[in-house]
Structures are given as structure tokens and as C-alpha cells.
Amino acid sequence: MGLEEREGADGTLLLLYTPLERAEAVAAALRARAGPRARVAGPETVVPEDWSETWKAGLGAIDVSARLRIRPSFAPEPAAPAQAELVIDPGQAFGTGAHASTALALEWIDALAPGLAERARILDVGCGTGVLALAALRLSRGTRAVALDLDPLAAIACRENAARNALATRIHVLLGPLAALRAEPFPLVVANLLRTELLPLAREIARATARGGRAVLSGLLDSERDEVVHALAQVGLTARGARTRRDPGGEVWLALLTER
């Protein structure tokens, strides 16, 4: 009926929800198929809850910096004076600022976006909710953005979030691959993609980055740093900085600042 994944210090915990009358049979089937490192606990009865509200517990505003706060609409926590705000609700598209890779990309954007020239253009590759492009717009003056994704749900979410934050007139949301984009190179490109997604796009990301422009590339593991830096250098993107963050499961995530 449902599956919940939680990351903790001891690894990944999967909570499988099943009808009470099938719980013992499901537990037995899991034990028969579980690997040697997995442990299957016995069934536990779940107290009925209003899940339409319960899922919001623990989700609040995220302070990226003194300049930027991201919060869900159901957490009306006031921003600090002079702190810009984005309202992004969790949904089926990725990117609310909570994941380490998104947080790292937002830190780079917070450092770079205020210095963008007026009328500068930003490209968000694999935009998800659009949080990265929208953050760059919020932190800069007179800029415009193009956000693209292969997932129709992401494109819908990005458009909705742009409208919710009064940024719809400053962003174009496209559904399709980066190779289909026909535009002048961008001074700032952002991408929060796994290594297996990023490296096949490296040459196209480099082409989309203006000479002297910067590309913020997150979604990587620190253990992949040497491989990724070398691959990016081959297409003309030179690493100029790196930020890392450890997630609750112990993985160390990496976001690179590169320059063409």
C-alpha cells in the first residue's frame, strides 16, 4: 500500500505498509528474500493518522544564508530582515532545499547570483521544482532564466512555483533535452544531477556556458571528484571551487564551481 524510506546513521530504513491481514505473509516473504546485510523486523500495527497533515511534520523553513530562506507554504515562519524568500512545497518533482546536493547548489547560487549583471541569463538543467533557477532570480536584479527538464511533472511544478513566487515573467520552462535548446550561451548554468546523468551532458553543458561564464554542478559524491573534474576539464570546464556536505546516511555530497 505504501513504502517510506528513511536515512539514518545505521543505514537505510524501509517501512512497508500493508493490510493487517497480509502483514505476516509479507514479512515472511521479505525474510526469505532479504540479503545477508538486511534485517526484517516484525509487523507493527500503525495507529490511524491523518496522513494528509502528518507528512508535513518536521518540514519547515531552510535558511540557505542571511540572504535567502526557502520554506513550504504550510510553514509561515517569517524571514529575517533583508532575507529573500522562496515558497516551494514538497511534491513529485525533486528539489526543496532539504537534500544535501540541493543545499550545496543553493550555497553556490547564494554566493554568485548577487554579482550577476542586470539582464544576465541563467540556465537550470534538470530543473525539478525550479528551486535553483528561482533562487538565482530572487537573489539578482533584472535577470532571466531558462529551466528545462525531461519530466513533465517537473515542468509543471517549476511553472507553478514560479507563479507562486511572482517570478513567472522572468523564467521560461521547457520540456525536453538540453541538446534541443537553441540559445546563446549563459553566464551562469546550474545543474543538480547524478554523475551518471551529468557526464553524458558535460559537453552540452560546456557549450551552453558562456566563455568566462560559470557552471555550478551538484548532485555528485565527493568520492567521484577526481573522475568528474577530469571529465569536465576535457570539455573545457575548469574546476574553480568545491563545497561538500555529509547527509544523515554518511554520504559526502559534492558541488563544483567550474568556469569555461
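If you wrap the chain's Cα atoms in a convex hull and average its projection over all directions, what's the area in nm²?
15.9 nm²
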- Message: Using a 7 Å offset from the Cα along the Cα-to-Cβ direction at both Glu4 and Ala28, what is the distance between the two label points in nm, to one decimal?
- Response: 2.7 nm
- Query: So, with +1 on the Cβ of K and R and -1 on the Cβ of D and E, and no other charges, what is the size of the charge dipole of the chain about its Cα centre, to the nearest 20 debye?
  - Reply: 1100 debye
- Can you find, among Leu232, Pro185, Val146, the residue farthest towards the positive end of the dipole of the chain? Put +1 on the C-beta of Lys and Arg, -1 on that of Asp and Glu. Pro185
- Is the shape of segment 202-260 rounded, prolate or oblate, going by the alpha carbon gyration tensor and its root eigenvalues a ≥ b ≥ c, with a/c under 1.5 for rounded and a/b larger than b/c for prolate? prolate
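With each run of n ≥ 4 DSSP H residues scored as -39500 (n - 2.57), what mean residue ellipticity at 222 nm is computed for the chain after dividing by its residue count and rounding to the nearest 500 deg cm²/dmol? Intermediate results must be reported in sequence, preceding the final value.
Working: 8 runs with 70 residues, N = 260.
-7500 deg cm²/dmol, from helical runs alone.
Taking Cα pairs under 8 Å and at least six residues apart, what relative contact order does segment 2-48 come out at, in percent?
On the way: 31 pairs, mean separation 11.9, N = 47.
With pairs under 8 Å counted, the relative contact order is 25 percent.
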- Task: Extending each Cα 7 Å along its Cβ direction at Leu150 and Ala79, get the distance between those two points in nm, one decimal.
- Result: 3.4 nm
- Here P(r) for segment 2-48, Cα-Cα distances in 5 Å bins, as whole percents, is 5, 19, 28, 27, 15, 5, 1
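I need the trypsin sites (Lys or Arg not before Pro) found in segment 99-158, filtered to DSSP loop residues with at most 13 other beta carbons within 10 Å of theirs. Walk me through the numbers before you get to the answer.
Values: sites: Arg119, Arg121, Arg138, Arg141, Arg144; in loops: Arg119, Arg141.
Passing both the DSSP loop test and the Cβ count: Arg119, Arg141.
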- Note on the structure: Here, Thr169 and Leu15, labelled 7 Å along Cα→Cβ, have an inter-label distance in nm of 4.5 nm
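As an exercise, find the ratio Rg/Rh for segment 12-101 from alpha-carbon atoms, using the Kirkwood inverse-distance average for Rh. Let's see the in-between values first.
On the way: Rg = 19.2 Å, Rh = 16.7 Å.
On the Cα set of segment 12-101, Rg over Rh gives 1.15.
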- Query: How far is helix 100-112 tilted, in degrees, relative to the longest principal axis of the Cα atoms in the chain, given as a value from 0 to 90 rounded to the nearest 10?
  - Reply: 20 degrees
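Quick note: the coordinates plus some simple rules give every number you see, no bench work behind them. Quantities reported herein were computed from a predicted structural model and do not represent experimental measurements. We place every Cβ from the backbone using ideal geometry, glycine too, and count neighbours over all the protein chains shown.
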